[in-house]
Amino acid sequence: MKVEGSCHCGQITFEAEIDPDAVRICHCTDCQTLTGSAYRVNVQTPAASFVLRSGTPKIYIKTAESGNKRAHAFCPNCGTPIYATDPHEPRAYGIRVGTLKQRAELRPMRQIWYRSALPWVTDIRDVPHIERQ
């Protein structure tokens, strides 16, 4: 599936080919902190299919619990997280689904690092709904 994405301010734009069945939720505490939210929704794309159309993301190198390093790219203007990849030899990009125009079509198919999931995240159906602020 071809997808198009951008940061909030539009400075960074990109496109890629993804497998919609590869969408996953990550509950790790690093993703919680880096997003400022309860989890992150990602989809992998091979490096050969990821095309940066405009802008230059800022890179933050994160060291995982395992010692592996990941390059996290975000917009230097608005701060939107764009992707993560290997900092030396990108073979794939973990695109942040929230940046994609097609995000409503991309249902997560797997959850990882579930041991770190916040206890309330599995059932929020009863939280009051407000259509707009």
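The values are calculated or read from the model by the stated rules, or taken from the named source; none is laboratory data. Being a predicted model, the structure only gives us computed values, none of them experimental. Note that we place each Cβ from the backbone using ideal geometry, even for glycine, and neighbour counts take in every protein chain shown.
Computed quantities for the displayed model
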{"item": "Among the candidates Ala104, Ala47, residue that is surrounded by 10 or more Cβ atoms within 10 Å (Cβ to Cβ), among the small types (Gly, Ala, Ser) and under 16 Å from the mean Cα position of the chain (by Cα)", "result": "Ala47"}
{"item": "Any hit, region 13-35, residues being aliphatic (A, V, I, L, M), touching a helix residue (DSSP H, G or I) at 6+ places or on another chain (Cβ under 7 Å) and closer than 18 Å to Trp113 by Cα", "result": "yes"}
{"item": "Subset of region 13-44 (residues that are at negative phi and loosely packed, with under 14 Cβ neighbours inside 10 Å)", "result": "Glu17, Asp19, Pro20, Asp21, Thr29, Thr33, Ser37"}
{"item": "Some residue of region 78-89 being touching a Pro at 6+ places or on another chain (Cβ under 7 Å), surrounded by 14 or more Cβ atoms within 10 Å (Cβ to Cβ) and modelled with pLDDT of 95 or more", "result": "yes"}
{"item": "Among the candidates Gly5, Gly10, Gly55, Gly67, residue that is buried (at least 16 other Cβ atoms within 10 Å of the Cβ), small (Gly, Ala, Ser) and more than 15 Å from the chain's Cα centre (by Cα)", "result": "Gly55"}
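Here is a yes/no grid of residues against (1) in contact with a Cys (Cβ under 6 Å, 6 or more places away or on another chain); (2) in contact (Cβ under 8 Å) with a residue 60 or more places away in the chain; (3) over 15 Å from Tyr39 (Cα atoms):
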| residue | (1), (2), (3) |
| --- | --- |
| Gly67 | no, no, yes |
| Asn77 | yes, yes, yes |
| Ala92 | no, no, yes |
| Ile95 | no, yes, no |
| Glu105 | no, yes, yes |
| Met109 | no, yes, no |
| Trp113 | yes, yes, no |
| Ser116 | yes, yes, no |
| Arg132 | no, no, yes |
